[in-house]
Structures are given as C-alpha cells and as structure tokens.
Amino acid sequence: GATLYCTNEPCAICTKLLINAGIREVVFESPYPDELALELRRGAGLKWRVLASDGR
C-alpha cells in the first residue's frame, strides 16, 4: 500500500499498472482527464490527490 508521487495524473493504462502493483494513493501536480482511469481508480479504491503548485 504505497503512495506514488508523479508529475502528471496517470492515464488508464498506468492506472491499471498501479492497481496491480498495490499502490493505494497517487499524488500528482498536472491533471490528465481520463474517464476510464477515473472508473478504474474508483473501483479499486485508490486515493487521488492533486498537489498544489506551491507544494501543499
């Protein structure tokens, strides 16, 4: 149950890989709207957070 920090919001393919790897939380700065990724993360219970540009 690790937390992944990345620059951009993961796409659907990356989201599948994160779920399979056991990641539980993703923190990113730049949104990348992807409906399939949204459905996948909701189904898996992944926590998604946008990091503010000032680091909060």
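The values are calculated or read from the model by the stated rules, or taken from the named source; none is laboratory data. What you see is a predicted model, and the numbers here were worked out from it, not measured in a lab. A quick note on method: Cβ atoms are made from the backbone with ideal geometry, for glycine too, and the neighbour counts reach across all protein chains shown.
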Legend entry - Among the candidates Ala21, Ala2, residue that is at pLDDT 95 or above, exposed (fewer than 12 other Cβ atoms within 10 Å of the Cβ) and in contact with an Asp or Glu (Cβ under 9 Å, 6 or more places away or on another chain): Ala2
Inset, instruction - Kindly provide the set of residues from segment 39-56 that are in a helix (DSSP H, G or I) and over 9 Å from the mean Cα position of the chain (by Cα), ordered by number. - result: Glu39, Leu40, Arg42, Gly43, Ala44
Inset, instruction - Scan segment 19-56 for residues that are farther than 20 Å from Gly1 by Cα and touching a strand residue (DSSP E or B) at 6+ places or on another chain (Cβ under 9 Å) and jot them down. - result: Glu29, Ser30, Pro31, Tyr32, Ala52, Ser53
Inset, instruction - Among the residues of segment 1-28, count how many are of a type outside the set (D, E, K, R) and in a strand (DSSP E or B). - result: 9
